[in-house]
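Beneath this line is the structure, given in structure tokens, with notes to follow.
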Amino acid sequence: IQLTWKSGQVYRYSLSDFSLQKTQNIQGEGWGMTHNGQSLITSNGSAQLSFRDPQSLAEQSTLNVSYLGRPLKNLNELEWVNGCILANIWQSQFIAIIEPSNGQTTGLIDLQRIIAHEQKTGTSEVANGIAWHAENQRLLITGKYWQRIYEIELIQKPAPK
């Protein structure tokens with residue numbers, strides 16, 4: 001399934017040969033999409049995610065995302081990882097870790113060092129790609145015009161004492 005940015009078109013392809021099977025529409029912009037096994041989850045650049053019927057694309061519910069009690073806007077590329085939603089925060093160095101039951105951001109993944117490394121090339125732009133490799137429990141990260149895809153392992157920092 002492919003979601004377009006401005007036109008609101010959704011393209012469905014065959015897995016066997018990637019031929020276009022169906023075109024559908026949603027209201028508004030399409031910034032990112034993932035699924036939780038029951039619903040498609042889409043972002044439109046706001047602080048709100050939409051849960052959609054996987055076949056009709058009808059909106060089933062919405063989730064307001066916040067960080068430290070404030071709306072977290074510019075939610076872009078999405079990925080479902082171990083029961084949480086990861087969302088690239090457009091034009092920032094962070095990926096938000098979102099609790100899908102209440103929209104609270106429970107953590108941030110800081111990509112500052114990776115972004116700085118990529119920007120040394122002079123042609124790269126913002127971080128903009130997230131994929132989960134479940135078998136290896138690793139996150140794949142890339143960006144606009146990046147020369148590389150980075151595989152990172154998520155670890156939890158201990159709380160300060």
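The values are calculated or read from the model by the stated rules, or taken from the named source; none is laboratory data. No experiment lies behind these values; they were computed from the predicted model shown. With ideal geometry, Cβ positions are generated from the backbone for all residues, glycine too; neighbour counts draw on all protein chains shown. The accessibility values were calculated without ligands, DNA or RNA, using every heavy atom of the protein model including side chains. Shrake-Rupley method; radii C 1.70, N 1.55, O 1.52, S 1.80 Å.
Can you give me the relative contact order of the range 72-161 as a percent, contacts being Cα pairs under 8 Å and 6 or more apart?
That works out to 19 percent.
Placing unit charges on each Cβ (+1 for Lys and Arg, -1 for Asp and Glu) gives the range 68-161 a dipole about its Cα centre, and among Cys84, Tyr145, Phe94 the Cα reaching farthest toward its positive end belongs to Phe94. Heavy atoms of the protein chains alone define the surface here; on that basis the chain has 61 Å² accessible area per residue at 1.4 Å probe size.
Other residues lying with their Cβ under 10 Å from the Cβ of Gln60 contribute a combined charge of -1, Lys and Arg counting +1, Asp and Glu -1. Shown for the range 83-138 is the translational diffusion coefficient from the Stokes-Einstein equation, using the Kirkwood radius over Cα pairs, a temperature of 10 °C and a viscosity of 1.306 mPa s: 126 µm²/s.
Between the C-alpha center of the range 58-90 and that of the range 108-161 there is a gap of 18 Å.
In the range 36-161, Rg over Rh equals 0.98, where Rg is the alpha-carbon radius of gyration and Rh the Kirkwood radius from pairwise Cα distances. The accessible surface of the chain, taken with every protein chain in place and a 1.4 Å probe, is 48 percent carbon and sulfur.
Between Ser14 and Thr62, with labels modelled 7 Å along Cα→Cβ, what's the label distance in nm to one decimal, could you check? So the two model labels end up 3.8 nm from each other. Comparing Glu79, Glu29, Glu125 in a Gaussian network model of the chain, where Cα atoms under 10 Å apart are tied by springs, the biggest mean-square fluctuation is seen for Glu125.
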